Amino acid sequence: MATDPWKSPADLFDEAAGIISPSIFADRDIYKLELERVFSKSWLFIAHETHIPKTGDYFATHMAEDPVVAVRQKDGSVRVFMNQCRHRGMKICRTDGGNAKAFTCTYHGWAYDIGGDLVSVPLEEKSFVGLDKSQWGARQARVESYKGLIFATWNMEAPCLSDYLGDAAFYLDAVLDRSAAGTEVIGGITKWVIPCNWKLAAEQFCSDMYHGLFSHGSIFTAASIPPSSLNTGRQFRAARGGHGTGFFVRSVPEMKITNAGERVAGYDPVADEKAAVARLGTRGGLFVQHMTIFPSFSFFAGFNSLRVWHPRGPDKVEVWAFTIVEKDASAATKEQLRISSTRTFSPAGTWEQDDGENWVEIQRVLRGHEARRTSFNIQMGMGRDYGTDPDLPGSKRQALSEDAARGFYAHWLTLMTQPDKAYAKGGNPLQAAE
Amino acid sequence: MTFVRVCSENEVPPGEALRTESAAGPVALFNVDGEFFAIEDTCSHGQWSLADGYLTGDKIECTLHMAKFCVRTGKACTLPATKPVKIFPVERRGEDVLVDFDGGRYAA
């Protein structure tokens, strides 16, 4: 039973009943526990490989609230370490990105090499006795990559990244593996703050096609998306791990043009899609695909907007969004994607504004004492058998469902109540029954 | 006085540096608009390679604490460095650049 005031996070989500308490979006104690049990235990998205191609290239970002630096090493590997000097904790990297030969704290001058190891302490010989610099390097996170995406975690017991992604990787490939050449980032990173809880955004990308028909109704109409194409939806809830995605399988290749308002000369969406379908089968032609890799990495395929939801307190999220494209795509495709991605999923984007308006208003309502104690319905699709699709393993033949959202919160709850059991030791499997 | 060949001039383009080991310790060779200079490679302040630094005109900036040295004189131009580094005589023979590693000294 979901009950509020709560004693345990378990009081806040009841999957069997399909009830959720809005305290999970607004309570400061819940947020504090999330930083410890969700974000410090899970794999978190860091950057795309092409953000830091050369030795010494670095990208300063965050793992939840913790500032980190990702740096390309001489051997081609990537290290991710705390952006925090081990002396008094000042940042050792104060720019967003670039190329560095060392990271020097601007406070007292402790200096770290590109691997985060401490290499120089001013006045070391005069003023320290027996300082073992090897023990005072920047704190290192564990790092792994999947098809161009770099992830890191503080959890040394977590399963490897590919086990963590599990059956969700198949759907991640719909945007990462459309060409043997792989993907690259185009343009910069858009960063903005939305005054709403991070889960409102992450859950929506995980599971919510439902809102599209209403919140984005004007876009669907303006973009000439035929209503009949919306009858072909599928939703996928990861067997474990809290990941989810939804999409339509009857493609509308022209969508990148209708949403951008103009066609770039030479852009051929039908040919692009044919090539992806030849490589990926049905997945090459997915349409309006939204997806979240738990907890805070999401994307919208088609416009290829990838983003991480950096939590900033219970009522704020900092979005970092960027666009990827197949490395071997034509110049016209790249330009078309740049324009359509900006016009749809950016702070001023059409789709983005519809979403933000809802999330911000929900959060404002939750300032109310009674509002926080008024439970929400998360029952959509419960008790329904939509059937499966052999081409799309793990997915159900209906995108309009909240099954993936329940999977998201079920995994969240496992972490919040049994953090040590959520990710079993030494690799697979994640906890079986979520 | 023994000049030893370090490189050919086109191996170190203008604005670039080369670090080389010698009996006198690591030495950094710089190309300043076609003119070559050699100095002690290790920063007199923070134990770091100056050849790794940023060369602007004839000043080399250490990447660790941003101390600057003049590559002509070896003198420290900015804090946090307070001591100079040694300079070494350089000679050109055809396309080759030679350094006299025995001739290291502090400029007057």
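Determine the sum of side-chain charges near residue A:225: Lys and Arg each +1, Asp and Glu each -1, restricted to other residues whose C-beta is under 14 angstrom from that of residue A:225. Can you show the working numbers first?
Values: positive: A:250, A:256; negative: A:254.
Around residue A:225, the charge tally is +1.
Can you bin every Cα-Cα distance in the range B:3-102 into 5 Å intervals starting at zero and give me the percent of pairs per bin, rounded to whole numbers?
So the P(r) values, bin by bin, are 3, 16, 28, 26, 17, 8, 2, 0.
Need one word for the range A:44-144: rounded, prolate or oblate. Basis is the Cα gyration tensor (sqrt eigenvalues a ≥ b ≥ c); a/c below 1.5 gives rounded, then a/b vs b/c decides. All intermediate terms of the calculation are to be shown ahead of the outcome.
Working: a/c = 2.04, a/b = 1.79, b/c = 1.14.
Prolate.
In nm, what is the difference between 0.36 nm times the number of residues separating residue A:65 and residue A:277 and their Cα-Cα distance? Walk me through the intermediate numbers first.
Numbers: separation 212, 0.36 × 212 = 76.32 nm, distance 3.92 nm.
Contour length minus Cα-Cα distance gives 72.4 nm.
Need the list of lysines near residue A:133 for cross-linking: C-alpha distance under 22 angstrom, and skip anything on the same chain fewer than eight residues off.
Filter leaves A:74, A:91, A:101.
Given a Förster distance of 51 angstrom, what is the FRET efficiency for residue A:180 paired with residue A:128, based on the Cβ-Cβ distance and rounded to 0.05?
Efficiency, rounded to the nearest 0.05: 0.45.
Please compare each pair in A:41/A:421; A:41/A:327; A:199/A:316 to a cut-off of 21 Å on the Cα-Cα distance and tell me which ones are over it.
Working: A:41/A:421 11 Å; A:41/A:327 33 Å; A:199/A:316 10 Å.
Correct reply: A:41/A:327.
Please say if chain A is rounded, prolate or oblate, where rounded means a/c under 1.5 for a ≥ b ≥ c the square roots of the C-alpha gyration tensor eigenvalues, and otherwise the choice is prolate for a/b larger than b/c and oblate otherwise? Each step should come with its number before you reach the end.
Details: a/c = 1.82, a/b = 1.27, b/c = 1.43.
It comes out oblate by the Cα gyration axes.
Would you mind checking the tilt of helix A:198-207 against the longest principal axis of the Cα atoms of chain A, expressed as 0 to 90 degrees and rounded to 10?
Tilt of helix A:198-207: around 40 degrees.
What lysines sit close enough to residue B:86 to cross-link, taking a C-alpha to C-alpha distance under 22 Å and skipping anything fewer than 8 places away on the same chain?
Of all the lysines, those that pass the test against residue B:86 - Cα under 22 Å, at least 8 places apart if same chain - are B:59, B:68, B:75.
With r defined as the distance between the Cβ atoms of residue A:357 and residue A:28 and R0 fixed at 22 Å, what FRET efficiency is calculated, to the nearest 0.05? Write down the numbers at each step before the final one.
Working: r = 25 Å, r/R0 = 1.12.
E(calc), rounded to 0.05, equals 0.35.
Need one value for A:381-387: mean number of C-beta atoms belonging to other chains within 10 Å of its residues' C-beta atoms.
On the way: counts 0, 0, 0, 0, 0, 0, 0.
Neighbouring Cβ atoms belonging to other protein chains average 0 per residue here.
Provide, in order from the shortest bin, the percent of all Cα-Cα pairs of the range A:1-99 in each 10 Å bin, continuing until the bin that contains the maximum pair distance.
Computed distribution, short to long bins: 14, 31, 24, 17, 13, 1.
Can you tell me the orientation of helix A:350-365 relative to chain A, as the angle in degrees between its alpha-carbon axis and the longest Cα principal axis, to the nearest 10?
80 degrees
Take the alpha carbon gyration tensor of the range A:246-355, find the square roots of its eigenvalues, order them as a ≥ b ≥ c, and report rounded if a/c is under 1.5; if not, report prolate when a/b exceeds b/c, else oblate. The partial results should precede the final answer.
Numbers: a/c = 2.10, a/b = 1.55, b/c = 1.36.
In terms of gyration-tensor shape, prolate.
In terms of Cα to Cα distance under 13 Å, which aspartates and glutamates are near enough to residue A:54, apart from those fewer than 8 places away along the same chain?
Partners found: A:75.
If you stretched the chain out fully between residue A:232 and residue A:173, how much longer would it get, using 0.36 nm times the residue separation minus the C-alpha to C-alpha distance? Let's see the in-between values first.
Numbers: separation 59, 0.36 × 59 = 21.24 nm, distance 2.00 nm.
Roughly 19.2 nm would be gained on extension.
Which net charge results for the neighbourhood of residue A:135, defined as the other residues with beta-carbon distances under 11 angstrom from its beta-carbon, given Lys and Arg at +1 and Asp and Glu at -1?
Details: positive: A:86, A:133; negative: A:117, A:132.
Net charge around residue A:135: 0.
Between the helical axis of A:403-417 and the dominant principal axis of chain A, each derived from Cα atoms, what acute angle in degrees is found, rounded to the nearest 10?
Around 30 degrees separate the two axes.
Each residue of the range A:299-306 in order: what ³J(HN,Hα) in whole Hz does its phi give by Karplus 6.51 cos²θ - 1.76 cosθ + 1.60, θ = phi - 60°, with x for Gly and Pro?
Computed from phi, the couplings for the range A:299-306 are 8, 10, 6, x, 8, 6, 8, 9 Hz.
Out of the DSSP beta bridges found with both residues in the protein assembly as shown, what percent are antiparallel (nearest 5)? Walk me through the intermediate numbers first.
Numbers: 99 of 99 bridges.
Beta bridges within the protein assembly as shown, antiparallel portion: roughly 100 percent.
Given the C-alpha centroids of the range A:210-255 and the range A:42-107, what is the distance between them in whole angstrom?
The range A:210-255 and the range A:42-107 have Cα centres separated by 36 Å.
Quick note: the coordinates plus some simple rules give every number you see, no bench work behind them. Keep in mind it's a predicted model, so treat the numbers as computed, not measured. Please note: Cβ atoms are built from the backbone with ideal geometry, for glycine as well, and neighbour counts cover all protein chains shown.
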